[in-house]
Amino acid sequence: MNRRWLAAAVLALLVVACADRVDDSAPASAEAPPLGPHEVAVSDRFWESTSDFSPTEFAYESLEEMAADAHLIVRGRVIGTQDRQAMPVSDPAGELTARAVTFGVVRIIEVLKGSPNVTEPGAVLVNRLGSKNLDVTELPPEDIIIFLMNYRQLAEDFGAGLFDDPSDRFYYTRPNGYQAVLRDINGLVRVVPGPDGWQEALGPFPAPLEGKPFEEVVEAVRQAAAT
């Protein structure tokens, strides 16, 4: 291995990409004031833009089923986005190249299942959760429960990760684009808003959780993850 490759690989694993779109002022959940119509609208826009209601084989019929399948479940909050790169590889011209991906940064309030692999304390990186040019004023202000799959584990189970290199262990994705996020809107669960007719096309879950006390659902996830 030449010195150029070694230096690039080490830098990639040590997280060379910057985290310049993070809202460090986001309050802890216990201090969060009630959300008004504007804040709820911001949340709706964010989750609508990052969700996918296409049919998928990774669809669940219950909270217990989704909790059993998830590698990691956290209660947290989206606080920004970061760009990360794969370990560089040589292209046909002999130049080192690396593919960049934008991740959402989810601050961990409580780990409900699993042990997060992190590049910095207290936050996990989730693919397809926000865009590169997202402003902090466009971030959802509420706590969430988010169910996650780890790319390293997915590579071991299904033969395909994200970057397909050792850095995959630091990166997560939702098992599908519409069920894996439960929002805390003023103490009540709100599911990700979807297009008209999605329940008939995809099944009712997680719509039955809509309007339930958020803390009760957090406790239900704790119990489901413990079984």
Pop out the ³J(HN,Hα) list for the stretch 197-214 in order, Karplus 6.51 cos²θ - 1.76 cosθ + 1.60 with θ = phi - 60°, rounded to Hz; leave Gly and Pro as x. x, 5, 5, 5, 7, 10, x, x, 5, x, 3, x, 7, 4, x, 6, x, 4
FRET efficiency, 1/(1 + (r/R0)^6) with R0 35 Å, evaluated for Asp135 and Glu215 via beta carbons: 0.70
Restricting things to alpha carbons, tell me how big the stretch 48-192 is in terms of Rg and Dmax, in Å. 15.7, 56
Check Leu188: other-chain or 5+ apart residues with amide H under 5 Å from its amide H, H built from backbone geometry? Phe214
Selection from Ser167, Leu202, Val218, by position along the positive dipole direction of the stretch 160-227 (Cβ): Val218
May I ask you to evaluate 6.51 cos²θ - 1.76 cosθ + 1.60, the Karplus curve with θ = phi - 60°, for each residue of the stretch 160-169 and list the ³J(HN,Hα) values in order in whole Hz, giving x for glycine and proline? 8, x, 9, 8, 6, 9, x, 5, 4, 5
Using modelled amide H (1.01 Å from N, peptide plane; none on Pro or chain starts), what sits under 5 Å from the amide H of Asp143, excluding residues fewer than 5 places away? Asp184
Under 5 Å from the placed amide H of Gly130, counting only residues 5+ away or on other chains, we find none
Quick one: Karplus J couplings for the stretch 131-138, per residue in order, coefficients 6.51, -1.76, 1.60, θ = phi - 60°, nearest Hz, x for Gly and Pro? 10, 4, 9, 5, 8, 4, 6, 9
By counting other Cβ atoms within 10 Å of each Cβ, how are Arg45, Arg152, Arg77 ranked from fewest to most? Arg45, Arg152, Arg77
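Every number in this text was worked out from the coordinates using simple rules, so none of it is lab data. These numbers come from a predicted model, not from an experiment. Don't worry about glycine lacking a Cβ; one is built from the backbone with ideal geometry, like all the others, and counts go over all protein chains shown.
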